[in-house]
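The values are calculated or read from the model by the stated rules, or taken from the named source; none is laboratory data. None of the values given here were measured: they were computed from a predicted structure. So basically every Cβ, Gly included, is an ideal-geometry build from the backbone, and we count neighbours across all protein chains shown. Protein only, heavy atoms only, side chains kept; ligands, DNA and RNA dropped before computing areas. Shrake-Rupley method; radii C 1.70, N 1.55, O 1.52, S 1.80 Å.
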Amino acid sequence: MIVAATSSPAVGSSYLSRSSRRSIMPRFRMALRSNLVSVTPLLSKLQLECATPLPVLRHVADAMAAEMRAGLALDGGSDLKMILSYVDSLPTGNEKGLFYALDLGGTNFRVLRVQLGGKEERVMATEFEQVSIPRELMLGTSEELFDFIASGLEKFAQKEGGKFHLPPGRKREIGFTFSFPVKQTSIESGILIKWTKGFTVSGTAGRDVVGCLNEAMERKGLDMRVSALVNDTVGTLAGARYWDDDVMVAVILGTGTNACYVEQTSAIPKLQGHVSPSGRTIINTEWGAFSNGLPSTVFDEDMDAASINPGEQIFEKTISGMYLGEIVRRVIVAMSEEGGLFGKSTPEKLSMPFVLRTPDICAMQQDFSNDLQAVGSILYDIAGVESNLSARKTVIDVCDTIVKRGGRLAGAGIVGILQKMDEGLKRSNLWEENCGGYGWRLV
Ligand code: BGC
């Protein structure tokens, strides 16, 4: 089995472990002592509270599997919504023709067209455009947001030509990837449950999002038809399946986080009459809402309380790209105020919520220079902070602590999904057939 994973560049981070970082910077360790005298207790407390030893990870994996079961049993049975996607079959590679896709999920929306040529010719041509969503639209009205999307789509569709061919008499079809919790009512319709990731658009919750898009397209006179509404996890799974039919799970680690997987319909008590000819269907877990037994700190709690959705999306707030930078910022503000991290005063710019973003954290973690020069520049550029080597080192320790907690918890979540799938396979013939070579890998 394969787990397809995407992480936006904003979030993906590769960095050396603390021990390897230290081994390449022996001199720098000697110079650290002074600031650490006052911030050391704060750092130790943070590290203790963010620790994710094996028993914690096992608990998270087990609880994730248990919540999945409860969410499949009945709607509202768990924090995990376990949403039916109405996607019962996945791409095979035989698909042919011109397809459009629209992707609305976080800070950007993307439009794409692709000409598929079946197993032989595969992806013959593809073009896409990405537009960042102005902040005011994330907080505006439904009509404003969908009008903005429809006009982006209109401009893009007008540029079609060259290698892209629509058979005469056919309408352009769009796959709409909408990366928020939606209660699907069919493959091409679904009701928005709530906004996440900082969106609070009025007038959409409780409405069919395809209806909202269709109305906006009509206002623009755009003659296109939405033929599928999918969550981004489901789109990722379908995209990976196009190339490899072993893929069973898709995970998004981006601005937000979520996972979907292939479930057997016999394991879904709440299915109520929905028949899938394949005996399987894709379930969108909406695991961002998971909260059972997660290590938490006062910084997480304060950030949650100040958010537009307090008490919700706790897993997402602990591991996803929208929030990691903000947690780090809150920690270093406390270290500055209580431990004099940057000297006598706390730089004003640092008090601005979300000023430190996850890409900044990634960039700081990738600084392996002796004097942590990049860390110094980022702190200066973003927060107006003049830092010495000792303070930079502490900031890196804080980043490592928060990022490592997120990474390990994301891993535990994936294990939870695999545990749940294993139970299903054990109950069915599939397990017997696959028993010998059963395994999974991340792609
Ligand atoms: C949304 C999910 C989405 C995930 C990743 C979450 O905030 O609730 O529907 O899949 O972000 O984009």
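Placing a label point 7 Å from the Cα of GLU143 along the Cα-to-Cβ direction, the residues of the stretch 189-205 whose backbone N falls under 14 Å of that point are 202-204. Residue separation of GLU348 and ASN370 scaled by 0.36 nm, minus their Cα-Cα distance, works out to 5.1 nm of gained length.
Spin-label model, HIS274/GLU386: points 7 Å from Cα along the beta carbon direction are separated by 6.1 nm.
Among LEU54, LEU137, LEU222, the residue with the largest mean-square fluctuation in a Gaussian network model of the chain, with springs joining Cα atoms closer than 10 Å, is LEU54. Once both labels are positioned 7 Å from their Cα atoms along Cα-to-Cβ, the gap between ALA363 and GLU127 label points is 3.3 nm.
Charge tally for ARG122 (other residues, Cβ to Cβ under 11 Å; Lys, Arg +1; Asp, Glu -1): -1. Using a Gaussian network model of the chain in which every pair of alpha carbons under 10 angstrom is joined by a spring, one finds that among VAL60, VAL201, VAL230 the greatest mean-square fluctuation is at VAL201. For VAL249, the residues 5 or more places off, or on other chains, whose built amide H falls under 5 Å of its own are ILE2, ALA4.
Against the chain, whose longest principal axis comes from its Cα atoms, helix 232-243 is set at around 70 degrees.
Counted by Cβ distance under 12 Å from MET224, the other residues give a net charge of +1, where Lys and Arg count +1 and Asp and Glu count -1. Taking label points 7 Å from Cα along the Cα-to-Cβ direction, ILE193 and GLU136 give a separation of 3.3 nm. In this structure the chain gives 45 Å² per residue of accessible area when probed at 1.4 Å with all protein chains present.
Selection among MET124, LEU229, TRP243 by position relative to the dipole of the stretch 85-247 gives MET124 as farthest towards the positive end (Cβ unit charges, Cα centre).
Our coupling estimate for the stretch 374-383, obtained by passing each phi through the Karplus curve with A = 6.51, B = -1.76, C = 1.60 and θ = phi - 60°, is 5, 4, x, 5, 4, 4, 6, 5, 8, 10 Hz, Gly and Pro reported as x.
Taken as Cα centroids, the stretch 51-110 and the stretch 355-412 sit 31 Å apart, rounded to the nearest whole angstrom. Assuming charge only on the beta carbon of Lys and Arg (+1) and of Asp and Glu (-1), the dipole of the stretch 85-247 about its Cα centre is about 160 debye to the nearest 20. Available extension along the chain between ASN108 and ARG207 is 33.5 nm, counting 0.36 nm per residue and deducting the alpha carbon span.
The number of Lys pairs in the stretch 85-247 with C-alpha atoms less than 26 Å apart, excluding pairs fewer than 8 positions apart on the same chain, is 17. Between the amide H of VAL230 and those of PHE176, THR177, PHE178, distances stay under 5 Å, these residues lying 5 or more places away or on another chain, with hydrogens modeled in the peptide plane. Here the gap between SER377 and ARG58, fully extended at 0.36 nm per residue and compared with their Cα-Cα distance, gives a gain of 110.9 nm.
Please compute the net charge surrounding PHE299, taking Lys and Arg as +1 and Asp and Glu as -1 over other residues with Cβ under 14 Å from its Cβ. Spelling it out: positives minus negatives among the neighbours equals -3.
The string of couplings for the stretch 328-341 from the Karplus curve (6.51, -1.76, 1.60, θ = phi - 60°) is 4, 4, 5, 5, 6, 5, 5, 5, 6, 6, 9, x, x, 3 Hz, one whole number per residue in order, with x for Gly and Pro.
With θ taken as phi - 60° and the Karplus curve 6.51 cos²θ - 1.76 cosθ + 1.60 applied, the whole-hertz 3J(HN,Hα) list for the stretch 203-210 is x, 9, 4, x, 10, 6, 5, 5 Hz, x standing for glycine and proline. Considering only protein heavy atoms and a 1.4 Å probe, what is the carbon-and-sulfur percentage of the accessible area of the stretch 180-260? Of all accessible area on the stretch 180-260, carbon and sulfur atoms account for 52 percent. Using just its DSSP H runs of length 4 or more, each adding -39500 (n - 2.57), the chain gives a mean residue ellipticity at 222 nm of -13500 deg cm²/dmol after division by all residues.
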